[in-house]
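Enquirer: Dropping a structure here in structure tokens format, bear with me for questions.
The values are calculated or read from the model by the stated rules, or taken from the named source; none is laboratory data. As the structure is a prediction and not an experimental result, all values here were calculated from the model. For neighbour counting, all protein chains shown are included, and Cβ atoms are generated from backbone atoms with ideal geometry for every residue, glycine included. Protein only, heavy atoms only, side chains kept; ligands, DNA and RNA dropped before computing areas. Shrake-Rupley method; radii C 1.70, N 1.55, O 1.52, S 1.80 Å.
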Amino acid sequence: MCRPTFWRIIKNKDVEEFKSDPYLATLLNCMLWVFYSILCVLFGSAMYASPLTIMVRVIKTKSVEYMPFFLSLVSFLNGVCWTSYALIKFDLCVTIPNGLGALFGLVLYACYYKSTPKKEKLKLD
């Protein structure tokens, strides 16, 4: 356990013969995992938000011709599945990007539904 070692160094105000290598390696390893988690959250969120970039064109042209429908549908379903898993395991690093992905998917389909032309019902006289 590291705690007695640290207290001994603090108490004596000397590192004596202790090597700093294992402590620095552990610190760097933990910092790398934190950095990795942050990068995963950022890039995961960007992946899910990327289909929304076409929405400006969809809204302006009122055409969904260039919208990647199946890619965004599968991304939405993937986000829902991973969010469900993350909520069961209480894992924030998985919940945040995938929850945002599910939310972005709902926004995308709301815009898709709104911009899709509706067929009018024929009146039979």
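Enquirer: Please calculate the 1.4 Å probe accessible area of MET47, with all protein chains present, and give it to the nearest 10 Å².
Expert: Spelled out: MET47, probe radius 1.4 Å, area about 100 Å².
Enquirer: Given the options LEU24, LEU39, LEU73, state which has the largest fluctuation in a GNM of the chain using a 10 Å cut-off (strictly under) for Cα springs.
Expert: LEU24
Enquirer: Let me ask something else. What does the extension gain come out to for VAL107 and PHE69, with contour length at 0.36 nm per residue minus their alpha carbon separation?
Expert: Details: separation 38, 0.36 × 38 = 13.68 nm, distance 1.31 nm.
Gain in length upon complete extension: 12.4 nm.
Enquirer: For segment 1-61, which whole-number percentage of the solvent-accessible area (1.4 Å probe, protein heavy atoms only) is attributable to carbon and sulfur atoms?
Expert: Taking all protein chains in place, segment 1-61 shows 71 percent carbon and sulfur surface.
Enquirer: Where does the chain land at 222 nm, in deg cm²/dmol rounded to the nearest 500, when only DSSP H runs of n ≥ 4 count, each adding -39500 (n - 2.57), divided by all residues?
Expert: Helix-only estimate at 222 nm: -25000 deg cm²/dmol.
Enquirer: Using a cut-off of 15 Å between beta-carbons, work out the net charge of the residues near GLY99 (Lys and Arg +1, Asp and Glu -1, GLY99 not included).
Expert: Details: positive: LYS89; negative: ASP91.
Summing Lys/Arg as +1 and Asp/Glu as -1 gives 0.
Enquirer: Longest span of the chain, sites excluded, free of chymotrypsin sites (Phe, Trp or Tyr not before Pro) in DSSP loop with at most 15 other C-beta atoms within 10 Å? Don't skip to the answer; put the middle values down first.
Expert: Details: sites that count: PHE18, TYR66, PHE90.
With a cap of 15 other Cβ atoms within 10 Å, the longest stretch comes to 19-65.
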